[in-house]
Every structure is written in C-alpha cells, then in structure tokens.
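Here the structure is laid out as structure tokens; the discussion comes afterwards.
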Amino acid sequence: MRPILLACLILMVFTRLADAKLITRTLQYKVDETTFISYLAYDDAEPGKRPGVLVFPEWWGMVEFPKQKAEELAKLGYVAMAVDMYGQGRATEDPKLAGNLVAELQPVQLRQRAAAALEMLRKEEQIDGTHIAAIGFCFGGKVALELAYSGADIRAAVSFHSDLTPPSPEDLKKIKAHILVCTGAVDPMAPAQKVQKLWQALTDSDVVWQINVYSGAKHGFTNPAADKYNMPPVGYNALAAKQSWEAMLALFEQVLAKPPQTRPTTATMPPRR
C-alpha cells in the first residue's frame, strides 16, 4: 500500500473517532397517568438507522448500572434505552424498598410498561424499528422475558441472573424473539429445578433459545457493585459477567441488523426457524 494512501486511511479512522460523540438524554412518557423517565444513549457519529436495545434494570431501579450498560451498547453502535419501570426515574439502594417496589407491580403492569418503553424506543429517528432486542438484569431480566412472552415484535430477549418462571403454554405460542438466559450455578433465586422447568418448556416449543449456566456465579453476578450490599446470595463474578456479555453480543450479531465491526464473539445461535 502506498504511503500516501495509508496515511489517508489512518487520517480517516482518527477523524471518525474524533467526530464520535456519545449522546445521552432522558425520554419522558406516560402509562396510566404515571410518568416514566428513561435514559437514551447513542453515538451520533454512527450513520443511518441502527438496531435498538432496551435495558431493563435490577430492582434498584434507575441507578447508574443500567445507564452504564446502555452507554456501553451505544459505544458499540446500538441505540440503547435504560428503562424506568417504577416511574419518575425512581432509584434506591435499600433492599426493603426495592422489594416493595417490585411487589407492587402486577404481571400485567410489567408487560404494559415494557411495551410502552418498546414503542418509545421505536419512535427514535435513529432506530431501525424492525431490529430491536431487550435485555435485563435480575428483576429486569424477568421483564425482558415477559416482554418476549407477550409476543412483542423483538428479535431477542436476554436475561441475566433473573427469575426463570417458564412461559405459559399460551405464551409459548406467541414468542417471536430468540431467548438467551444467562444464570449462575449457585444463584439460590434460580435453582437447578427452575432452570430445568424453563429448559423443558422451551424444548417443547418452536422457540430458538439458549441457556448458559456459569460456575460459581451468584445472583447479581454482572454488577460490580453487587458485593457492597452484603447479601450472601448476591455477588459479582467478573468472568461470568464477561462471558455472558459476550454471549449476548454474539447473539446480537446474528439477529440484529448492521452490527458493529469490532465486537468479540464467543458463542453462536442457530438462525430463527
């Protein structure tokens, strides 16, 4: 390659990096008279329409962790939205309050609020509305699965260390998304019996799915702040966090359009039948 051409290519790359800017802003919308304040992130240097990802938070609500995950995805070329599930952007570090907030939500409300977030994300001008995925952590993982169980038009639903209640026979027929479940081998909230029940339910369906179980991983294994809560069943596991995130990215490469070109891949999923 001629030196001048090489220099031009290098200059183009560095210009692209210099021009890249991570944009973050809040999105406000109402569901049943409750105002929700979600968090949108995207890279304004990415051209054209891009895939979208909903990020449903742990029961702590809109703390920094789901926002950070949305920003990570934005830097990879996605338009990502950390979703407010409680209203008014509520967040807490009090386990008792977090438990009460979750307990107040009925299953139908989970689906309604998740569906409203999906429609808000789909309205964004940068979004390719036919290529959207949902991911979630702990409580948020359950929400991501419930959105898929409802028959929502999403390409993938990814659950990290969440409740693993299987879908009903009726819901199994509705699922359009690829399902990826990432769970810890020593998570008391997702014991082997629950994993097996979900496994069996999905096996008896036409859903394309994958369940990854990570050795030594507790509940909350993706969150570096998990250990500060001093809750024995909860703990961060760096290896499981890395492996599960890479499994998610590998799935996205197969089911979402225009994937970024620099993502690592460590797992594969079969094409949707």
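The values are calculated or read from the model by the stated rules, or taken from the named source; none is laboratory data. None of the values given here were measured: they were computed from a predicted structure. Note: ideal-geometry Cβ built from the backbone for every residue, glycine included; neighbour counts use all protein chains shown.
Quick check: anything in the range 183-191 free of Cβ contacts under 8 Å to residues at least 24 places away in the same chain and either surrounded by fewer than 16 Cβ atoms within 10 Å (Cβ to Cβ) or within 20 Å of the chain's Cα centre (by Cα) (or both)? Yes, the range 183-191 has at least one match.
The residues of the range 113-145 that are in contact (Cβ under 8 Å) with a residue 24 or more places away in the chain, more than 18 Å from Phe221 (Cα to Cα) and of a type in the set (D, E, K, R), listed by number, are Arg113, Arg122, Glu124, Asp128. Does the range 131-149 contain at least one residue that is surrounded by fewer than 19 Cβ atoms within 10 Å (Cβ to Cβ) and of a type outside the set (Ser, Thr, Tyr)? Looking through the range 131-149, none of the residues is surrounded by fewer than 19 Cβ atoms within 10 Å (Cβ to Cβ) and of a type outside the set (Ser, Thr, Tyr). Across the range 152-163, the number of residues qualifying as more than 21 Å from Val255 (Cβ to Cβ) and either more than 12 Å from the chain's Cα centre (by Cα) or at pLDDT below 95 (or both) comes to 1. Among the residues in the range 120-128, are any among the aliphatic types (A, V, I, L, M), over 13 Å from Val83 (Cα atoms) and not in a strand (DSSP E or B)? The answer is no, given that none of the residues of the range 120-128 is among the aliphatic types (A, V, I, L, M), over 13 Å from Val83 (Cα atoms) and not in a strand (DSSP E or B).
The residue of the range 216-238 that is surrounded by the most Cβ atoms within 10 Å (Cβ to Cβ), among those that are of a type in the set (A, V, I, L, M, F, W, C) and either assigned to a loop (DSSP other than H, G, I, E, B) or touching a residue at least 40 places away in the same chain (Cβ under 8 Å) (or both), is Phe221.
For residues that are surrounded by 15 or more Cβ atoms within 10 Å (Cβ to Cβ) and part of a loop (DSSP other than H, G, I, E, B), scanning just the range 192-211, find the one that is farthest from the chain's Cα centre (by Cα). So that I can check it myself, show each step before the final result.
Taking the range 192-211 as the starting set, the residues that turn out to be surrounded by 15 or more Cβ atoms within 10 Å (Cβ to Cβ) are 194-195, 198-199, 201-202, 205, 207-211.
Still in the running and part of a loop (DSSP other than H, G, I, E, B): 205, 207-208.
Details: Ser205: 23, Val207: 19, Val208: 17 Å.
Within the range 192-211, the match that is farthest from the chain's Cα centre (by Cα) is Ser205.
The numbered conditions (1) part of a strand (DSSP E or B); (2) in contact with a Leu (Cβ under 7 Å, 6 or more places away or on another chain); (3) closer than 24 Å to Gly220 by Cβ are all true for Cys182 except (2). Do we find that Thr34 is out of contact with any strand residue (DSSP E or B) (no Cβ under 9 Å at 6 or more places or on another chain), among the β-branched types (Val, Ile, Thr), surrounded by fewer than 21 Cβ atoms within 10 Å (Cβ to Cβ) and at pLDDT 95 or above in this structure? Answer is yes for this residue. Condition first: in a helix (DSSP H, G or I), in contact with a helix residue (DSSP H, G or I) (Cβ under 7 Å, 6 or more places away or on another chain) and surrounded by 20 or more Cβ atoms within 10 Å (Cβ to Cβ). Can you find one or more residues in the range 75-98 that meet it? No: the range 75-98 contains no residue that is in a helix (DSSP H, G or I), in contact with a helix residue (DSSP H, G or I) (Cβ under 7 Å, 6 or more places away or on another chain) and surrounded by 20 or more Cβ atoms within 10 Å (Cβ to Cβ). Scanning the range 239-258 for residues that are in a helix (DSSP H, G or I) and in contact with a Phe, Trp or Tyr (Cβ under 9 Å, 6 or more places away or on another chain) turns up Leu239, Ala240, Ala241, Gln243, Ser244, Trp245, Met248, Phe252.
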